[in-house]
Amino acid sequence: MTHDELTSTVNNLIETCKDGAEGFKTCSADASDPHLKDELATRSQTCATAARELQDLVVSLGGKPAVGPSLSGTLHRRWVDIKAAILGKDDEAILKECERGEDLALRSYRRALDKTLPPEVSTIVERQYHGVLQNYDAVKKMRDQHHAHG
């Protein structure tokens, strides 16, 4: 893998993390349940921390890190906002959107892990992938619980 390919791969993950941070922040603001708001805000902070770690990694590799979310992530949040305005800000629907966002994040991390990454990069990406899995499972559990009580 060339240096440019490596930097591009990690920068894609930075955008994925930034998308997650912004997505969870948006969903937290839209949620009505106070506990859910707190959970989603915490997940937003976790994604932001992961993005900063990856940005530091790109710098240490001599590259220029991505600084913002992806265009597709921005468009997804706008769709969530439009849908919420039309359908009302239903917590279960918000959680479904969070779950969909985490599914996209899992795919991004799997694509990165399918590549031959240097060991120091692979270790960080693998650890963060497990964090995304935890987010996905937690969001799914919250959605299932909300559905059972709704």
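Taken together, the values in this text are just the output of simple stated rules run on the coordinates, not laboratory data. Since we're looking at a predicted model, the values are computed, not measured. Counting neighbours? That spans all protein chains shown, and the Cβs are built from the backbone with ideal geometry, glycine included.
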For the chain, calculated [θ]222 nm from helices alone, where every DSSP H run of n ≥ 4 adds -39500 (n - 2.57): -30000 deg cm²/dmol
Dipole moment magnitude, nearest 20 debye, the range 96-150 about Cα centre, only Lys, Arg, Asp, Glu C-beta charged: 120 debye
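From the gyration tensor of the Cα coordinates in the range 3-149, what semi-axes in whole Å does the equivalent ellipsoid have, largest first, with each one equal to sqrt(5λ)? It would help to have the intermediate numbers written out before the result.
Values: eigenvalues 168, 45, 28 Å².
One finds semi-axes of 29, 15, 12 Å for the range 3-149.
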About the Cα centre, charge dipole magnitude for the range 3-149 (Lys/Arg +1, Asp/Glu -1 at Cβ), debye: 180 debye
Cut-off under 5 Å, modelled amide H: who pairs with ASP90 long-range: none
Where Cα atoms sit under 25 Å apart: lysine pairs in the chain separated by 8 or more or lying on different chains: 27
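So for ARG111, ARG143, fewest C-beta neighbours within 10 Å to most, what's the order?
Numbers: ARG111 13, ARG143 20.
The order, fewest Cβ neighbours first, is ARG111, ARG143.
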Whole-Hz couplings from phi, Karplus 6.51/-1.76/1.60, listed for the range 46-63; x for Gly and Pro: 4, 5, 5, 5, 4, 4, 4, 4, 5, 4, 4, 5, 4, 4, 5, 8, x, x
Rounded to whole Hz, the Karplus (6.51, -1.76, 1.60) HN-Hα couplings of the range 24-30, x for glycine and proline: 5, 5, 4, 5, 4, 5, 7
